[in-house]
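Reviewing the structure listed below.
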Amino acid sequence: MSEVSFVRTEMLPEQAPPATTVGFVGWIRHNLFTGWFNSIATVLSMLVIYFVLSKILPWMFMSSWSAGSLHECREAIAAAYGEHHEGACWAVIRERWIQLFFGFYPSELYWRPILAFFSLFVALGPVLFAEYVPKKLIWFTAIFPFFGAWLLWGGSIWVPISAILGFVLGYVAYRVITPILGSLAGVIAAAAVPVLWWIALASLFASSLESIIPLGIEAVESRKFGGFMLSITIGVVAIFGSLPLGIVLALGRQSDLLIVKALCVGFIEFIRGVPLITLLFVASTLLNIFLPPGTNFDIILRVLIMVTLFAAAYMAEVVRGGLAALPTGQYEAADALGLDYWKAQRLIIMPQALKISIPGIVSTFIGVFKDTTLVSIIALLDPLGLLAGIRADSNWNGIVWELYGFLALIFFIFCFSMSRYSMYLERKLQTGHQ
Amino acid sequence: MTTLTDPPKESFRLSMLIYDTRYRSMTIQVVALIGFLIAIGWLISNTANNLAELGKEPSFGFLWEPAGYDINQRLLDYNSQSPHIRAAVIGLMNTLVVAVLGCITATVLGVTIGVLRLSKNWIIARLMTIYVESFRNVPVLLWIVFAMAIITETLPQPKDFRGEDAIATMKLGDSVAITNRGVYIPEPLFSSGIGDVSVFNDAFEVSLDLMAILALLGASLVISGLIKKRADQIQAATGVRPTTWYARLGVIVIPMAILLYVLGFHLGYPELKGFNFTGGTHLRNSLIALWLALSLYTAAFIAEIVRAGILAISKGQTEAASALGLRPSRTMNLVILPQALRVIIPPLISNYLNLTKNSSLAIAVGYMDLTGTLMGITLNQTGRELETVLLGMLVYLTISLSISMVMNWYNNSVKLRER
């Protein structure tokens with residue numbers, strides 16, 4: 001009897017899925033044309049994109065790069081592309097971009113802000129990309145604040161050196177006094193000695209050394225700062241000043257000490273309750289009234305202080321969010337191990353709380369960098385302040401899109417890369433449970 | 001056998017203030033308080049010395065002196081002889097106007113964009129991402145001055161509307177004129193209105209027509225609410241919901257139409273007279289630029305909040321609602337939104353707060369808000385920088401703190417009751 005099977009004994013080869021559900025066509029059907037509503041939406045958005053691009057691309061590319069004024073620009077475009085074509089006049093960017101980046105900084109000294117900018121990245125290396133750069137570089141990071149300021153403002157090299165010396169003296173005092181009088185006295189000495197040094201002796205030290213060994217670079221006044229250089233200076237100082245200050249404020253707000261807590265809450269809520277512009281008015285008009293008669297220090301320094309305080313209040317709230325998000329068990333475990341308050345903060349609480357608050361911290365950074373444009377209202381020459389001058393120039397009167405578009409692009413590049421970095425950092429530090 | 005003994009009584013020693021944790025916190029607090037008081041005292045004495053040197057006496061008397069400047073965009077009567085305080089109030093109202101307008105448009109735009117960013121349609125989701133990223137990553141001040149520059153440089157001038165072959169024409173059936181000086185829209189007029197009444201010793205004129213309309217609207221909304229409540233009760237009792245939409249709509253529309261007819265409501269259209277438009281309501285270019293830029297900028301943030309709020313609701317909620325047999329629209333209204341709003345509202349309100357604070361950038365485009373009047377021209381004319389800036393900060397602080405109070409109240413009312 002021959003073997004009869006009523007069921008197929010061997011598997012059929014798998015058939016390829018229908019052509020309309022895979023590959024390019026499948027992707028299009030799945031993402032763009034599912035149902036009539038989506039199809040209409042897709043077609044409409046394509047029309048919008050086409051409309052926008054058909055306006056922007058010819059304007060961008062059929063443009064003029066070399067002209068001395070808007071009028072010449074228009075003539076050149078009319079000659080090249082016909083009477084009715086509207087093209088961009090990039091000549092204004094070509095003529096003024098250096099000014100937009102450096103303000104009125106002396107042009108033979110441009111290497112200094114550029115060097116400062118790149119050494120900023122070298123200094124940030126150990127902090128931002130710790131696993132890719134040598135550990136020794138952290139020393140450069142430590143001296144960068146002084147080095148960068150010295151490059152920008154110039155002057156005698158003894159001034160930053162005497163400022164650094166304050167920290168060194170503080171450390172020495174801590175080391176000397178702790179074995180003799182105990183750790184608390186050591187901490188007090190470490191705080192008091194540098195302050196005394198800076199108030200009483202630092203300037204004398206710097207000026208006497210300067211008279212013995214004059215060593216320095218040409219000094220540049222603050223009012224010559226401008227353009228993106230000014231924005232970046234204010235932004236970087238505010239960002240790195242506000243982080244430690246914000247952490248201290250957040251700890252103060254979370255602490256059990258009633259008076260300290262009240263002071264911190266008052267400061268944070270006050271700063272967050274008023275617009276930055278009013279604080280800048282304080283910097284430009286009131287700070288001189290609040291300080292001892294005869295004090296008259298630089299407007300950029302005043303703005304730096306105010307923007308840093310402003311950012312610190314926001315940073316404090318972000319860090320507080322991180323502290324609050326930490327499970328109570330972490331605090332209790334730290335207590336159970338017998339760690340004191342500062343050890344617990346440094347070893348257990350802060351590393352976790354800061355990690356949680358990275359997105360908030362970076363978005364505060366971005367906010368601060370964007371807010372640096374506000375200084376144009378109190379007549380500092382940041383990019384927006386310079387722009388008003390360019391638009392008032394009779395050669396370029398009537399030019400709008402090119403200039404604002406250029407500024408918006410530069411700001412976008414800075415802020416967008418910061419936000420991408422924060423995403424990278426979040427992924428890198430992601431250790432926990434999904 | 002061991003007996004429990006009291007620990008040896010320790011007498012208080014001065015060093016315990018530092019080395020004993022029981023007393024150390026007290027020491028720290030006292031030191032902080034003393035330091036704070038010294039700092040405040042130092043600032044105040046400096047201020048007093050400086051003011052004495054400048055020959056200024058801190059006083060708010062200048063607020064009742066004539067301001068001597070004009071404000072072009074105003075909700076209340078004002079002329080250059082009015083006192084500074086009135087200028088400040090007008091400025092405050094302008095701040096609130098742009099803040100409220102901005103919050104409304106930003107919310108509408110932001111919610112739409114946030115929902116569309118989650119769309120399954122690839123191209124729409126990408127377009128919305130581009131919008132959000134490009135508006136969030138550029139300073140709001142840049143957007144404000146950019147909007148102002150576009151309006152003044154590219155829109156037609158009022159004189160372009162003149163003549164037989166005018167370059168520009170009015171929109172929407174000759175009722176709206178969009179010019180580089182601002183937008184002229186029809187204004188509501190009442191031919192047989194009840195008139196105005198002055199309050200607070202002629203400080204403000206309150207339009208009775210407006211009051212009547214608002215009162216009627218409020219009453220209609222209450223009645224409409226009652227109808228809904230009754231429908232809810234019927235549904236709870238019988239399971240069938242009576243159709244009420246026409247009654248609820250009618251109770252609002254019909255009395256309002258009658259009132260408007262009685263008051264002789266009509267629109268006053270803007271007309272081109274001479275070199276400019278007259279009649280109608282003039283929304284100045286500065287207001288338009290500020291409003292547009294603030295709402296577009298804030299909308300990008302609101303979109304992200306809405307997106308995060310919707311994503312925060314787990315998918316199981318939707319599936320459970322479907323399993324119960326709820327339709328998609330009811331799933332959204334009864335299950336997803338109430339939970340998402342708990343996540344969305346607090347950051348939303350803090351964005352409203354940011355918008356209000358950012359409206360102080362009005363000074364960059366010459367919109368006369370609180371910063372422009374009190375901390376701008378009044379400061380420059382009277383030279384009272386201490387008083388004006390402190391007063392302005394106080395007003396902003398009051399606005400912010402009241403908004404935060406609303407937020408805290410809301411947070412407490414929707415807090416999950418944990419057992």
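Bear in mind these aren't lab numbers, they're just calculated from the coordinates by the rules spelled out. Worth saying up front: this structure is predicted, and the values here are computed from it rather than measured. With ideal geometry, Cβ positions are generated from the backbone for all residues, glycine too; neighbour counts draw on all protein chains shown.
Partners of B:K229 within straight-line reach, counting lysines whose Cα lies under 30 Å from its Cα and excluding those fewer than 8 residues away in the same chain: B:K415. Cβ-to-Cβ counts within 10 Å put A:F297, A:F414, A:F101 in ascending order as A:F297, A:F414, A:F101, the fewest first.
Return the average number of partner chain Cβ atoms within 10 angstrom of each residue Cβ along peptide A:399-409.
Mean number of neighbouring Cβ atoms from other chains: 4.
Evaluating 6.51 cos²θ - 1.76 cosθ + 1.60 at θ = phi - 60° for every residue in the stretch A:214-227, the Karplus couplings come out as x, 9, x, 10, 4, 7, 10, 6, 4, 6, 7, 5, x, x Hz, glycine and proline recorded as x. Helix-only arithmetic for chain B: the sum of -39500 (n - 2.57) across DSSP H runs with n ≥ 4, divided by the residue total, places the mean residue ellipticity at 222 nm at -20000 deg cm²/dmol. Relative to the compact-globule estimate of 2.2 N^0.38 Å, the Cα radius of gyration of the stretch A:297-434 comes out at 1.48.
By the Cβ-Cβ criterion of under 4.7 Å, the unpaired cysteines of chain A are A:C264, A:C415.
The calculated P(r) of chain A, using every Cα pair and 10 Å bins from 0, goes 4, 13, 21, 22, 17, 10, 6, 4, 2, 1, 0, 0, 0 in percent. When you restrict to C-alpha pairs under 8 Å that are six or more residues apart and normalise by the size of chain A, the relative contact order lands at 15 percent.
In the structure displayed, which of A:K370/B:K357; A:K136/A:K370; A:K261/A:K343 lie more than 25 Å apart, Cα to Cα? Pairs exceeding 25 Å: A:K136/A:K370.
Looking at the stretch B:153-250, the chymotrypsin sites (Phe, Trp or Tyr not before Pro) that sit in a DSSP loop and have at most 15 other Cβ atoms within 10 Å of their own Cβ are B:F200. Of the two radii for the stretch A:369-434, the radius of gyration is 1.24 times the Kirkwood radius, both from the alpha carbons; that is the Rg over Rh value. The residues B:M170, A:M315, B:M211, when put in order of fewest to most other Cβ atoms within 10 Å, stand as B:M211, B:M170, A:M315.
Using just the Cα positions, wrap the stretch A:62-102 in a convex hull and report its mean projected area in square nanometres, one decimal place.
Mean shadow area of the hull around the Cα atoms is 2.6 nm².
For the protein assembly as shown, the spread of Cα coordinates along the three principal axes comes to 108, 88, 68 Å, biggest extent given first. In terms of the mean number of neighbouring beta-carbon atoms within 10 Å, the peptides A:385-395, A:28-38, B:362-372 order highest first as B:362-372, A:385-395, A:28-38.
Suppose we flag GluC sites (Glu not before Pro) only when DSSP calls them loop and at most 10 other Cβ atoms lie within 10 Å. Which is the longest uninterrupted stretch of chain A? The answer is A:219-434. In whole angstrom, note down how far apart the Cα centers of the stretch A:53-67 and the stretch A:362-429 are. If you average the Cα positions of each part, the centres end up 22 Å apart. Averaged over the residues of B:347-356, the number of partner chain Cβ atoms lying within 10 Å of the residue Cβ comes to 1. Quick one: Debye curve from the alpha-carbon atoms of the stretch B:187-268 only, equal weights, vacuum; give me log10 I(q)/I(0) at q = 0.13, 0.14, 0.19, 0.27 Å⁻¹ to two decimals. Evaluating at q = 0.13, 0.14, 0.19, 0.27 Å⁻¹ gives log10 I(q)/I(0) of -0.57, -0.62, -0.85, -1.19. Which helices, counted as full DSSP H runs in chain B, have an axial Cα extent of no less than 27 Å and a Kyte-Doolittle average of -1.0 or above? Span-like helices, by this rule, are B:21-54, B:84-117, B:208-238, B:285-312, B:337-358, B:385-414. For A:K55, the lysines whose Cα falls under 26 Å of its own Cα, not counting residues fewer than eight places away in the same chain, are B:K171. Value of Rg to Rh for the stretch A:116-186, rounded to two decimals, is 1.12; Kirkwood radius and Rg both from alpha-carbon coordinates. Near B:V176, the amide H atoms lying under 5 Å from its own belong to B:K171; only residues 5 or more places off or on other chains count, and H is placed 1.01 Å from N.
Inter-chain Cβ neighbour count for A:276-287, averaged per residue, equals 5 (cutoff 10 Å, partner chain atoms only). Sorted ascending by nearby beta carbons within 10 Å, beginning with the fewest, A:F205, A:F24 become A:F24, A:F205.
For B:G268, the residues 5 or more places off, or on other chains, whose built amide H falls under 5 Å of its own are B:E187, B:L189. Quote the FRET efficiency, to the nearest 0.05, computed for A:N31 versus A:V265 with a Förster distance R0 of 51 Å and r equal to the Cβ-Cβ distance. FRET efficiency, A:N31 to A:V265: 0.55. The phi-based Karplus calculation (6.51 cos²θ - 1.76 cosθ + 1.60; θ = phi - 60°) puts the 3J(HN,Hα) values of the stretch A:125-141 at x, x, 7, 7, 10, 4, 7, 9, 10, x, 5, 4, 4, 4, 5, 5, 4 Hz, whole numbers, x for Gly and Pro.
Within a straight-line Cα-Cα reach of under 20 Å, B:K315 can be paired with the following lysines, leaving aside sequence neighbours fewer than 8 residues apart in one chain: B:K120. Charging the Cβ of each Asp and Glu at -1 and of each Lys and Arg at +1, and nothing else, the dipole of chain B about its Cα centre rounds to 2080 debye. Close amide H partners of A:G216, meaning residues 5 or more places away or on another chain with modelled amide H under 5 Å apart, are A:I157.
For chain B, what ratio Rg/Rh do Cα atoms give with a Kirkwood hydrodynamic radius?
Over the Cα atoms of chain B, Rg/Rh equals 1.08.
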